[in-house]
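Encoded as structure tokens, the structure appears first; notes follow it.
The values are calculated or read from the model by the stated rules, or taken from the named source; none is laboratory data. Here the structure is a predicted model, which is why all the values come from computation and not from measurement. Glycine also receives a Cβ, built like all others from the backbone with ideal geometry; neighbour counts cover every protein chain displayed.
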Amino acid sequence: MELKRSLNTFDSISVLFSSMVGSGIFFTSGYLIKETGNLWIVLFCWIIGGLLALSGSITYAYAARLLPFAGGDYVYLKVAYSPAIAFMSGWSSLLTNFSACVSVLALAFGKYVQILFPGLPYFESPTYTFLGLDLQVSSLTFIGMIPILFFSGLNYFGIKSAVRVQNVFAVLKITGLLLFLALGFSIGSTHWGYLFESPFPNLFELSFYSKVLIGIVPVSFSYLGWNMITYIAEEVKQPEKTIVRSAITACFLVAGLYFAINLLFVISAPIGELAGQDGIGAIAFQKLFGSDYSILTTSFIAWVILGSMSAILIGGSRVYFAMARDGVFLPSFSKVHPKWHSPYVSIFFQAFVAILFLFVKEIESLLYMITCSILILSCLTAATPFRFEKMGMKSDYKIPFYPLPIFLYIFANIAVMVILFVEKPITASWGLMITLIALPVYYLFRLDKKMVSTKKKS
């Protein structure tokens, strides 16, 4: 059963913008400053991250124009390579790319809720380590469940109703961020000396590039969502025009916004007060405008997080729907609600998996796990234009500066993965393990289908 095409260009940009601009911008730079120890490298990482997101978006747009169906990477890998590789992509989306990403947002939301309501009871269980990953039950776990269940319930009533709410989040989000920038640079207590006190890096030293590559990992998480339009392509009006236009527009908007926000961050407080801080956004706001507006700031950041979570929950569920429709996942996941036209089984199963990830203790661990899992198959997806052309599938869309964006994106992904396995071997291994375990699951599923088919014939 097909989904209904009901999203226009504004809706598409809204979903992309909201999925990209989430909690990452408000805590990623804290980790980034701790890892690199240099504010110039931090800003450079955000520029490179935007360039990679743009390279990826214009590359993925080629495949999306040829195959404007729900499922994104899963659909492209299936046609270009094989159903088994496509299943790996869908499996990774289910277990890390989307579900774990939603969990990161939910945990970050929980932290800001606790700041807003300090009187709430807080508890945490002893930490249990499983294969190097720390697990814990805390009050954050239960706070994070609330928005996951709420937005999943909203998506149940169809993408149009979910996107209407998404548009409200997007408009208020961009208005608030632009206001933050305007007031911060004009009347905020900024000190450019904080930036210039940080030594400009030596571009000829190998350590500079290793720091940039490890810094790109959390930055890549903050840019996640640039490919969201490919997952909902089947519900976009005039996909041959809307997909490319929306992806490029959103990438430029977000990259410019991210650089400006981070520039404001690094001139708001000394590097020692920002390094390793989860709430770097709240700290910067307090330094710029004083503590009187801390409640307003915290509320706005929580709002931004919710908007991003809503967008990601919309896109992720379409992957599992596409897999089930192709017969490589549980058949019930292909069900579409007769009235609301939503893949409701996929929506609620995704919510269940996301809730399971709430038991991971550290947000940072989830960040590196997600990024590693995504990069592995992103390289293959980025190379699909070569495969499609070889197969005789050509689009009227021409990738700008072809094939440079493809090579740039693939090379950067490989370099980041190498650094990630060197610097964060445990969490990177978790990402790799989750991705590779898809192959035996896929062949077991195929074997089960053959056995059922054989029994029916006999």
Identity of the residue in segment 194-225, free of Cβ contacts under 8 Å to residues at least 24 places away in the same chain and not in a loop (DSSP other than H, G, I, E, B), that ends up surrounded by the fewest Cβ atoms within 10 Å (Cβ to Cβ): 206
Output for segment 422-443, where each listed residue is within 20 Å of the chain's Cα centre (by Cα) and assigned to a helix (DSSP H, G or I): 427, 428, 429, 430, 431, 432, 433, 434, 435
Qualifying residue in segment 272-284 (condition: in a helix (DSSP H, G or I) and under 15 Å from residue 117 (Cβ atoms)): yes
Qualifying positions in segment 72-100 - within 15 Å of the chain's Cα centre (by Cα), over 25 Å from residue 30 (Cβ atoms) and not in a helix (DSSP H, G or I): 72
Odd one out for residue 279, checked against (1) at pLDDT below 85; (2) surrounded by fewer than 23 Cβ atoms within 10 Å (Cβ to Cβ); (3) touching a helix residue (DSSP H, G or I) at 6+ places or on another chain (Cβ under 8 Å); (4) under 30 Å from residue 322 (Cα atoms): (4)
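Residue-wise test of (1) surrounded by 16 or more Cβ atoms within 10 Å (Cβ to Cβ); (2) among the charged types (D, E, K, R); (3) in contact with a Pro (Cβ under 6 Å, 6 or more places away or on another chain); (4) modelled with pLDDT under 90.
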site	(1), (2), (3), (4)
122	no, no, no, yes
133	yes, no, no, yes
162	yes, no, no, yes
182	no, no, no, no
Residue match in segment 285-306 (condition: farther than 14 Å from residue 180 by Cβ, part of a helix (DSSP H, G or I), among the aromatic types (Phe, Trp, Tyr) and modelled with pLDDT of 85 or more): no
Sole exception among (1) at pLDDT 85 or above; (2) more than 20 Å from the chain's Cα centre (by Cα) for residue 68, by number: (1)
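Residue by residue, here is whether (1) β-branched (Val, Ile, Thr); (2) modelled with pLDDT of 90 or more; (3) assigned to a loop (DSSP other than H, G, I, E, B); (4) touching a Pro at 6+ places or on another chain (Cβ under 8 Å) holds:
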residue	(1), (2), (3), (4)
345	yes, no, no, no
348	no, no, no, no
355	yes, yes, no, no
367	no, no, no, yes
373	no, no, no, no
378	no, no, no, no
395	no, no, yes, no
Criterion (at pLDDT below 80 and out of contact with any His (no Cβ under 9 Å at 6 or more places or on another chain)) met by exactly one of 436, 432, 447, 404: 447
Residues located in segment 116-160, provided they are at negative phi, aliphatic (A, V, I, L, M) and touching a residue at least 40 places away in the same chain (Cβ under 8 Å): 116, 133, 135, 137, 140, 145, 148, 149, 154, 159
